[in-house]
Amino acid sequence: MTPGALGLTGPTFGDADALLIEAGSPSRASAVEYKRVKVSQDSFATGELNKLAELKKAVFQANALHSAGFAYVWLIVIIVSDTRSLTGGLGFGFTPQSYIQKVIDSIPVAELTDGVGVVVSQIEQVSDRPANERGMAGGRIVRVAVEQKQSSEMTAAVERIFVDVT
């Protein structure tokens, strides 16, 4: 969702990956910035995770969403792990906790605007079947989003998208 799609003027933020509202509460919109980190089969040999460097950009984008005036802003980091090599695809292989902690430690939380929440979630590919058929998922809240008073301009924009639908 871009500022133009919301009918907002000026470059208040680049885009929101998701925009959520509670029924009947357009003044309490939640904007979400998603980033994916990949744990490949090679990662288990090298200890290297893909796309960690993009977490700094994610913080910048989440801060821009907060500055734009959404009531809630979440940064959600999704760790996608290919754990088939751990079990030969015959069992359930979990992403090592040290890798999850490495992702959490790579999020520059100190640079996040107060009030922006952070969630780290995981999806494990445990076999050759799609993860939604035979896989695992989980996650944790690292920091809770704190509501800010949403600007009237933002509320009007959200209403145009969600409430005034005929």
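The values are calculated or read from the model by the stated rules, or taken from the named source; none is laboratory data. Source: prediction; values computed, not measured. When we count neighbours, we look across all protein chains shown, and the Cβ atoms used for this are built from the backbone with ideal geometry, even at glycine.
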**OP:** Taking only region 118-141 into account, find how many residues are outside any strand (DSSP E or B) and either in contact with a helix residue (DSSP H, G or I) (Cβ under 6 Å, 6 or more places away or on another chain) or of a type outside the set (Lys, Arg) (or both).
**Re:** 7
**OP:** Count, please, the residues in region 21-53 that happen to be surrounded by 14 or more Cβ atoms within 10 Å (Cβ to Cβ), of a type outside the set (S, T, N, Q) and under 27 Å from residue 71 (Cα atoms).
**Re:** 11
Original post:
Hey, among 85, 67, 127, 81, which residue is in contact with a strand residue (DSSP E or B) (Cβ under 6 Å, 6 or more places away or on another chain) and in contact (Cβ under 8 Å) with a residue 12 or more places away in the chain?
Top reply: 81
**OP:** Find the helices (runs of 4 or more DSSP H) located wholly in region 15-103 whose residues include 3 or more that are acidic (Asp, Glu) and at negative phi, and list them.
**Re:** none
Original post:
Can you tell me which residues in region 105-124 are closer than 13 Å to residue 148 by Cβ and over 12 Å from the mean Cα position of the chain (by Cα)?
Top reply: 113, 114, 115
Subject >> Count - residues of region 125-150 that are more than 14 Å from the chain's Cα centre (by Cα), surrounded by 16 or more Cβ atoms within 10 Å (Cβ to Cβ) and at pLDDT 90 or above >> reply: 2
**OP:** Spot the failing condition for residue 115; the list is (1) part of a helix (DSSP H, G or I); (2) free of Cβ contacts under 8 Å to residues at least 60 places away in the same chain; (3) farther than 14 Å from residue 80 by Cβ, and only one is missed.
**Re:** (1)
Original post:
Is one or more of the residues making up region 144-159 in a strand (DSSP E or B), more than 19 Å from residue 33 (Cα to Cα) and either in contact (Cβ under 8 Å) with a residue 12 or more places away in the chain or among the small types (Gly, Ala, Ser) (or both)?
Top reply: no
